Structure formats: structure tokens, C-alpha cells
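Down below is the structure, laid out as C-alpha cells.
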Amino acid sequence: MFTHPSLSKCLELIDQIHQQSFGKNYGLLLTGLSGVGKTYLAKAYQARFPTVCTPEVNYYPVIYVKLTETKTATDFLIQIVKSLTSVIGKSANKAHIVQDRLAVLLTAHRVQLIIIDEVQECLTDIDGITSQRMAKQIAALLDNNPKVSVILMGTPVASRLLRLKYGKLTHRLKGEEQLSRRFLSEQRLHIIPSRCECWLLCCNYCATQLGLPPFTLNNKPILNRLHVATDGRIGLLTKLFAIASSSKHKNLLAKLEDAYLLGINSSAYNPFDTIALSDDDIIGILDSREFD
Ligand SMILES: Nc1ncnc2c1ncn2[C@@H]1O[C@H](COP(=O)(O)OP(=O)(O)O)[C@@H](O)[C@H]1O
Ligand SMILES: [Mg+2]
């Protein structure tokens, strides 16, 4: 795994949430642009706590749930249940029954931490009512299972989850509760900044993995072009290099150009076109992006 300061910080927080280091069982919402490495981080953390198999039952210290389209709050719970068992059972349409069943399963399998990825999938409604119900369901998940830590991950649109107002059971949806009370403030997994040693190390990590020659500080212009092409997202860099390594071209820039057009964007300007974009133009683009 390639680590950088933002990733280390997120990893430490995941660990603290898992250990319930802040006194109460606070949840954590971790957001980041697509391709910054959220899923990779979740899986890497989960791998540290392997399943323990006994003749009677398997223990899963950390479970990972990737949400797919989630239409109702009960759907949300069922997706967690499915990560523990393939038996969904009767009355799976009733939220309180699924809630109780999930609590039993979490205890039986000794689950300590649930990581829910792609959490923006439960916020797709237009009127916002379903989203409010989702927020309430997440609050109930924390309240019903005080020993189980919860981490949500998603793209930056998931931010609104913590701000949604929803009512207590007695007051319907009057809106005096917010998930933010039960959560730490939203944390971001950031892109890797351009023009720093970390970016050089990241490019070299990915290049080595994919059999491309490593870069040095003499390759600043191409390192800058790589940043423009991938926006500092390790997922896009991995993809770019993987496609580039299979290109027939001999010249590295030509390989990258090929890979960019094939794998990332065939319609926008191409950052590896040295005629259309000079080294200074590229620096201008990086500057303007940092300003945003
Ligand atoms: N820390 C990392 N070290 C090495 N490779 C990584 C790292 N983070 C991401 N990757 C690579 O980038 C790809 C995309 O990352 P992913 O975790 O799916 O991003 P996200 O979930 O934020 O969209 C991964 O499949 C992996 O190949
Ligand atoms: Mg992901």
C-alpha cells in the first residue's frame, strides 16, 4: 500500500473509531473524490483483522459493506445483514424486525466495526424524506449496537448525510435531530498534491508496480503532466500506467498519451500533447486547480 499524510491520518482515525477511543461510540464519515483510495483503504484495514473460523460460527471483527442502490431504510439494514448471512428471513420488509435480527447477528459474529462504502447510494431521493429516514436508521444502528463502531465512506455528496435533520419517533419528521451529534466531523481523504515529493513517490510506487521505469526530479515536466491527467488520484494513476504499460509505443510520453485517450478521457484536452500544451501551460493548469 502506498501511504501519504492524508491517508495516514484517515487510517489513524479509523483505528480510533474502531477502538472507541473517544469515550462514546462516535461514527465517522470519510469522504473523498472517486479514485482517491477509499475502498482500498477500507479493504486494507479489514485485512488486518482476519476472520476467525470455529466449528460453530465465524467471527468477523471488521465487516465491509458496499452499498448498492438503497431505496428504503430497511434496504440499508438488509445490505448489512447480507454481509453476515445469505439467509434474509421472513418479515424482511419490517425495519424493526431487521434491526433486531442484525443486532443478534452482530453479537453472534463478534463484529467490532462495520465499514459502509458508497454511502451516497442511500441519498438518491429527490424529496429528501428517504434520506432523512436513512440518517435516522444510521442513528438507530449506532444506538442499538453500542459496542459496534460504524464508519461510512462515500463521495463528497455524502456530506449532507450528517447535516440532515430528522425527527424523533414521537415528533415524526420535525427535524430536531442530526446525525452530526453521533459522528465526528466529516473527514476527507485528499488527493495527493502536485509538485511535492509525495507525488514523485506516488508515481514511482505505481510505475514500479506496473513495470514502468521510475521517475526522478529531472522529470518534473512529465510529473506535472501526470498530475494534470489524473488530478492526483492514485486510482486514475494506476489505471493510466496499467494501460500505458501495454501500449506499443516506445516513447513514454506517447505511451501515456495513448493511455490517457483510451482510459481516462478521449474528449478533453490531452495533457501529454506537448505541442498544444507547453510545460508552462501545464503549470498554469496546476496553479488554477490549486486555487479552486
Ligand atoms: N493507498 C494505495 N496504495 C496503492 N494503491 C492504491 C491505494 N489507494 C488506491 N489504490 C489503487 O487505486 C485504485 C482505486 O482506488 P479505490 O480505493 O477504488 O478508490 P475510491 O474507492 O476512493 O474510488 C485501487 O484499485 C488501487 O489499485
Ligand atoms: Mg470506492
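In debye, nearest 20, what is the charge dipole magnitude of the chain about its Cα centre with +1 on Lys and Arg Cβ and -1 on Asp and Glu Cβ, if you could check?
Rounded to the nearest 20 debye, it is 1060 debye.
Treat each spin label as a single point 7 Å out from the Cα along the C-beta direction, and report the GLU69 to ALA268 distance in nm.
My value for the distance between the label points is 2.7 nm.
Could you work out the relative contact order of the stretch 1-147? I mean the mean sequence separation of Cα pairs under 8 Å and 6+ apart, divided by the number of residues, in percent.
25
Work out how much length SER34 to PHE49 would gain on full extension: take 0.36 nm times their residue separation and subtract the Cα-Cα distance, in nm to one decimal.
Answer, rounded to one decimal: 2.9 nm.
Can you tell me how the stretch 35-128 classifies by the Cα gyration tensor, rounded, prolate or oblate, using a/c under 1.5 as the rounded cut?
oblate
Need one number: % antiparallel among DSSP beta bridges in the chain, to the nearest 5.
In the chain, DSSP labels about 20 percent of beta bridges as antiparallel.
With an 8 Å cut-off on Cα pairs and a minimum separation of 6 or more residues, tell me the relative contact order of the chain in percent.
20
Arrange the residues GLU177, GLU69, GLU118 by how much accessible surface each exposes, largest first, with a 1.4 angstrom probe.
The residues order as GLU69, GLU118, GLU177, largest area first.
Counting Lys and Arg as +1 and Asp and Glu as -1, each charge on the Cβ, what is the dipole of the stretch 197-291 about the Cα centre in debye, to the nearest 20?
Its charge dipole is roughly 440 debye.
Counting only Cα, what are the radius of gyration and maximum Cα-Cα distance Dmax of the stretch 134-292, in Å?
So, for the stretch 134-292, Rg and Dmax equal 21.9, 69 Å respectively.
With just the Cα atoms defining each centre, how far is the stretch 220-292 from the stretch 95-149? Give it in Å.
40
Would you calculate the convex hull of the Cα atoms in the chain and tell me its volume per residue in Å³?
Spread over its residues, the Cα hull of the chain gives 166 Å³ apiece.
Can you classify the stretch 82-198 as rounded, prolate or oblate using the Cα gyration tensor, where a ≥ b ≥ c are the square roots of its eigenvalues, rounded means a/c under 1.5, and otherwise it's prolate if a/b beats b/c and oblate if not?
Note, shape of the stretch 82-198 comes out oblate.
For the stretch 197-291, what is the relative contact order in percent, using Cα pairs closer than 8 Å and at least 6 residues apart in sequence?
Relative contact order for the stretch 197-291 comes out at 26 percent.
Using +1 at the Cβ of each Lys and Arg and -1 at the Cβ of each Asp and Glu in the stretch 5-188, identify which of GLN132, THR51, LEU41 lies farthest towards the dipole's positive end.
Farthest along the dipole direction, towards plus: GLN132.
Tell me the net charge near TYR40. Cut-off is 14 Å between Cβ atoms, TYR40 excluded, with +1 for each Lys or Arg and -1 for each Asp or Glu.
Local charge sum for TYR40: +4.
If the elastic network links every pair of Cα atoms under 10 Å, which of THR208, THR230, THR31 fluctuates the most in the Gaussian network model of the chain?
Of THR208, THR230, THR31, the most mobile in the Gaussian network model is THR208.
Select from PRO213, SER159, LEU237 the residue farthest towards the positive end of the dipole of the chain; place +1 on Cβ of Lys and Arg, -1 on Cβ of Asp and Glu, and compute about the Cα centre.
Working it through, the farthest residue towards the positive pole turns out to be SER159.
Rounded if a/c is under 1.5, else prolate if a/b beats b/c, else oblate: with a ≥ b ≥ c from the C-alpha gyration tensor eigenvalues square-rooted, which is the stretch 1-59?
oblate
Please state the Cα pair-distance histogram of the stretch 197-291 with 5 angstrom bins from zero: what percent is in each bin?
2, 14, 26, 29, 20, 7, 1, 0
Along the charge dipole of the chain, Cβ charges K/R +1 and D/E -1, which of GLY27, ASN93, SER6 sits furthest on the positive end?
ASN93
Based only on the alpha carbon positions, what is the Kirkwood hydrodynamic radius of the stretch 1-159, in angstrom?
16.2
The values are calculated or read from the model by the stated rules, or taken from the named source; none is laboratory data. All values reported here derive from a predicted model rather than from experimental measurement. Because the Cβ atoms are built from the backbone with ideal geometry, glycine has one as well, and the counts that use them run over all protein chains shown. Just the protein is used for accessible areas: all its heavy atoms, side chains included, with ligands, DNA and RNA removed. Shrake-Rupley method; radii C 1.70, N 1.55, O 1.52, S 1.80 Å.
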